[in-house]
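Undergrad: Dropping the structure in here first, questions after.
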Amino acid sequence: MANNLQTSCCIAGGGPAGMMLGFLLARSGVDVIVIEKHPDFLRDFRGDTIHPSTLELMYELDLLDQFLKRPHQQVTELGGQISGQAMKLADFSQVPTHCKFLALMPQWDFLNFLVEQGKRYSSFHVLMQTEAVGLIEENGRVAGVNTKTADGEMEIRAALTVGADGRRSLVRDRSGLEVIDLGAPMDIVWFRLSRRATDPPQTLGYVQSGRILVMINRDDYWQCGYVIAKGAFEGIREKGLDNFRRDVARLALFLSARTGEVRDWNDVSLLTVKVDRLRHWSRPGLLCIGDAAHAMSPIGGVGINLAIQDAVAAANILGPKLAANKLGDHDLEAVQKRRELPTRITQKAQVLIQNNVIGKVLASDHPLSVPWPFKLLQAWPFLRRIPARMIGMGFRPEHIHTPESPLASVPNPSSHPGKAV
């Protein structure tokens, strides 16, 4: 049995939202424990996009130069092919931030960077291989989490518990908070193919009748996302791997000789797409942020951006109250009030694109004509700034307000048990 712990804030989930919130709260002098069920961050993430708004946060924290020393690719525009016609869709050169590009960086590098910065503060604690398995409830309030560790079960009691454990959030599931399902007509099959020096340099999308392929440049390989109709994966498997390879090759001919790198179905993984949000993001003692509060479609890769913006807003609103031991239930509601509108607008845009573009493409048996909005983007290049602004910054970018506390800035080895990073 591991020793039980007490803290001001316990964050379940060491992803972008949880780790950013933990770092910012510790920076403002709040004692915080971030728990992560895995032993490390070395997993095959798909949301490896660092948006201009996140890079701006790094600038505000005086960490940008250090951050950009990590291996990454810079994407200044997004493009694709529709029925063989190449087109440019988003131009980031005019976004009102210091970095006018998307940075493609493995998410484990991003998370490890946040952990390294958090270690500067004695109030920052990360426990790996520590999984939330239930909520501690007392007198109608959430008072912490029950966890499972390598050494046994452990209670972590906290004035505030934050669910940042993703779209399959156990915290959300155990909270009893109501989920509103907005639906999604698609799923995505992910796989890797090698990348060669003669390949196109940028992240691309290929669209033909009934088929969509998204390719993310990972330097020495392509992270490929094959978009399929909701629930169609079993039918694709029944048709066989050779048929799947041919479908991919038809979309991007230069990959034809490489589709054999998908040796069996173990080389692909299925992302079941869902778009939903909580009606209420909090209850006494508990707040959900990021995908735990609102699962996003992969359209535009904006889910990670919203998650990080949630974390910054939560730190700005809750940090001073937690530091002063004056946190109220209305403060948790204020986080949702701050972040709900940009979430709703983004999800509305995603659902419109899903239903009126992607769903129709996947259901079509006829050659596709280029939709008129895409034609406008080709005829009037300055219009490409609009999707760049929506993707790169979102509808309400947040900024660092919580000051650094000098009382928390003395590094100190974690006094908490468990495997810390």
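Undergrad: Which entry in (1) 81, 53, 37; (2) 69, 45, 41; (3) 62, 45, 39 is this structure's computed Cα extents along the principal axes in Å?
TA: Here Cα extents along the principal axes in Å agrees with entry (3).
Undergrad: Hey, what did region 188-238 get for relative contact order, percent, Cα under 8 Å, at least 6 apart?
TA: Over region 188-238, the number comes to 40 percent.
Undergrad: With every protein chain in place, what's the accessible area of His72 (1.4 Å probe, Å², nearest 10)?
TA: Accessible surface of His72 is approximately 40 Å².
Undergrad: Given charges of +1 on the Cβ of Lys and Arg and -1 on the Cβ of Asp and Glu, with all other atoms neutral, how large is the dipole of region 104-260 about its Cα centre, in debye to the nearest 20? Numbers along the way, then the final one.
TA: Numbers: 21 positive and 20 negative charges, 147 e Å.
Using only the charged Cβ atoms, the result is roughly 700 debye.
Undergrad: Hey, another quick one. If the only charges are +1 at each Lys and Arg Cβ and -1 at each Asp and Glu Cβ, what is the size of the charge dipole of region 171-229 around the Cα centre, to the nearest 20 debye?
TA: 220
Undergrad: If amide hydrogens are placed 1.01 Å from N in the peptide plane, which non-local residues have theirs closer than 5 Å to the one on Gly79?
TA: HN-HN under 5 Å from Gly79: Leu89, Gly205.
Undergrad: Compute the separation of the alpha-carbon centres of region 362-380 and region 205-240 and state it in Å as a whole number.
TA: Cα centres, region 362-380 to region 205-240: 19 Å.
Undergrad: Can you pull the percent of region 257-388's accessible area that's carbon plus sulfur, 1.4 Å probe, other chains left in place?
TA: Values: 3570 of 6040 Å².
The value for region 257-388 is 59 percent carbon and sulfur by accessible area.
Undergrad: Out of Tyr59, Ile317, Ile386, whose Cα points farthest toward the positive end of the dipole of the chain (charges: +1 Lys, Arg; -1 Asp, Glu; placed on Cβ)?
TA: Ile386
Undergrad: What does the charge dipole of the chain about its Cα centre add up to, to the nearest 20 debye, if the Cβ of each Lys and Arg holds +1 and the Cβ of each Asp and Glu holds -1?
TA: 1040
Undergrad: Assuming a ≥ b ≥ c are the square roots of the Cα gyration tensor eigenvalues, decide whether region 175-236 counts as rounded (a/c under 1.5), prolate (otherwise, with a/b larger than b/c) or oblate.
TA: prolate
Undergrad: Next question. Whole number in Å², please: accessible area per residue of region 48-87, 1.4 Å probe, ligands, DNA and RNA not counted. Could you put the intermediate results ahead of the total?
TA: Values: 1790 Å² over 40 residues.
Per residue, region 48-87 has 45 Å² of solvent-accessible surface.
Undergrad: Within 13 Å, Cβ to Cβ, of Asn217, how many net charges do the neighbouring residues add up to if Lys/Arg are +1 and Asp/Glu are -1?
TA: -1
Undergrad: Expressed as a whole percentage, what fraction of the accessible surface of region 85-235 belongs to carbon and sulfur atoms when a 1.4 Å probe is rolled over the protein heavy atoms?
TA: 47
Undergrad: Hey, another quick one. How high is the relative contact order of the chain, in percent, counting Cα pairs under 8 Å that sit 6 or more residues apart?
TA: 26
Undergrad: Pairs of alpha-carbon atoms within less than 8 angstrom and 6+ residues apart define the contacts here; what relative contact order does region 1-147 have, in percent?
TA: Over region 1-147, the number comes to 31 percent.
Undergrad: Using alpha carbon centroids, what distance separates region 149-203 and region 297-323, in Å?
TA: Rounded to whole Å, the Cα centres lie 15 Å apart.
Undergrad: Can I ask one more? Residues of region 122-232: accessible area per residue at 1.4 Å, in Å²?
TA: With the other protein chains kept in place, region 122-232 gives 40 Å² per residue.
Undergrad: Can you bin region 188-301 into rounded, prolate or oblate? Criterion: square roots of the alpha carbon gyration tensor eigenvalues sorted a ≥ b ≥ c, rounded for a/c under 1.5, prolate for a/b above b/c, oblate for the rest.
TA: Because a/c hits 1.5 or more and a/b exceeds b/c, region 188-301 counts as prolate.
Undergrad: Provide the per residue accessible area, probe 1.4 Å, for region 295-411, rounded to a whole number of square angstrom.
TA: Per-residue value: 51 Å².
The values are calculated or read from the model by the stated rules, or taken from the named source; none is laboratory data. Everything quoted here is computed from the prediction, not taken from an experiment. FYI the Cβ positions are ideal-geometry reconstructions off the backbone, even for glycines, and counts take in every protein chain you see. Accessible surface is based on the protein model in full, side chains and every heavy atom, while ligands, DNA and RNA are left aside. Shrake-Rupley method; radii C 1.70, N 1.55, O 1.52, S 1.80 Å.
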